[in-house]
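The block underneath contains the structure these notes are about, expressed in structure tokens.
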Amino acid sequence: MSSKRRRRLLLGFALAAAAAFTGCGLGAGATPGGVQLLITREFGARTLHSLRTPAVHGQETVMSLLLRNANVGTRYGGGFVQSIDGRHGGHEGGEPVDWFYYVNGVEASKGAADVDLHRGDRVWWDLHDWNQTDYIPAVVGSYPEPFRDGLDGRRLPVRVECAEPEGDACRTVAGRLREAGVPSARAELGPAGVGPESLRLVVGTWSQVRRELGVQSLQGGPAASGVYARVAAHGSLIELLDGQGRSVRTLGGSAGLLAATRYSGEEPEWVVTGTDSAGVDLAAHALDEADLHGRFAVAVTAGSSANAAAGSFATAAAESSAATTGPSSAGTGTVLALPRPDP
């Protein structure tokens, strides 16, 4: 997509600005309950605000919620967010940076003033470098969304499609969803395109799932998938990338990857995969709100990680600015946020 798509979005932001600043979405209508607001920078590495009960009044839009809970600077007639609490988009170190937002883990296709909020929505704004891609279609850091409350106020059927439907990883994924209040159907891997009205979680080793259309893009890095990792064609290695797309570590042995992507207009698809069955099990155990909170995607490796910064994604510590690129525990593995910190 790139700059052409970004220009279309900016036009949409400008057209939506009038609604944002003439009262529409700023109090009229019923107040949606359970809305949360997360504001971060550097792909979730640093938390600026994590509000489980932000100020909400009436029928909010994504823009009005932000205006009500942060100091916001705008451009293009007020429809494009230029700064939040003094952190500005533009350029840093010669690279382009801007504010992007996600609702229930899905990047929006229109301006924030034009998106109404619904019950349970999790809104996430992140300031990051878009040198590698300005389109990250879906992220995992709002789990259990979009599975629990859906998209655009509609709860969608959830399918857990597994190379081994009776295997441990498949059972773990279905069980984690159930614990989060999400009913799901469990089935064998089927042809891609179950339908645009379903949310899929694809579970299996890379060699088992790599031909799925929504999964194939993971071989192409962030420009193809929006995920800052690459899986080798043979599936035995997972290359971890930093925000500049540079390789900073390669995982071999038993390693897992849990990421979200999107194929051609279909609903977001989550991929729970690994270099082998043990790696898939590690990724399945990472399907946990505490492990995924504020992360774009994660890799999981067995044992401790000498390459990861200190710290973790402790949810209770999210109210203040903190480094959140460090490892946390998923089963017997170590969860690594993607993209990785710059080397």
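Readers should treat all values here as calculations from the given coordinates under stated rules, not as data from a laboratory. Model, not experiment: these values are computed from the prediction. Heads up, the Cβs are rebuilt from the backbone with ideal geometry, glycines too, and the neighbour counts pull from every protein chain shown.
How big is the Kirkwood radius of region 102-229, worked out from every pair of different alpha carbons and given in Å to one decimal? Hydrodynamic radius (Kirkwood, Cα pairs) of region 102-229 is 15.9 Å.
Peptides 286-297, 123-134, ordered by how many other C-beta atoms sit within 10 Å of their residues on average, highest first, read 286-297, 123-134.
With contacts taken as Cα pairs under 8 Å and at least 6 residues apart, region 197-237 reaches a relative contact order of 30 percent. For the pair Gln82 and Ala185 in one chain, pulling the backbone fully straight at 0.36 nm per residue adds 32.9 nm over the alpha carbon distance. Under 5 Å from the amide H of Gln82 lie the amide H atoms of Gly73, Thr74, Arg75, each residue being 5 or more positions distant or on a separate chain, with H modelled from the backbone and absent for Pro and chain starts. Taking amide H as placed 1.01 Å from N in the peptide plane, the amide H of Arg262 sits under 5 Å from that of Glu269, each at least 5 places away or on another chain.
Annotation for Asn131 and His57: the two label points, set 7 Å from Cα along the Cα-Cβ direction, are 4.2 nm apart. Ordering Glu107, Glu269, Glu92 by the number of other Cβ atoms within 10 Å of each residue's own Cβ, fewest first, gives Glu92, Glu107, Glu269. One way to sum up the overall shape of region 44-104 is the equivalent ellipsoid from its Cα gyration tensor, whose semi-axes run 22, 15, 10 Å, largest first. Evaluated at q = 0.14, 0.24 Å⁻¹, the base-10 log of the normalised Debye intensity for region 75-142, with identical point scatterers placed on the Cα atoms, takes the values -0.45, -1.22. In percent, rounded to a whole number, the relative contact order of region 202-269 is 24, using alpha-carbon pairs under 8 Å and six or more apart.
Scalar couplings 3J(HN,Hα) for region 156-164, obtained by applying the Karplus form with A = 6.51, B = -1.76, C = 1.60 to θ = phi - 60°, are 9, x, 10, 10, 9, 9, 10, 5, 10 Hz; x denotes Gly and Pro.
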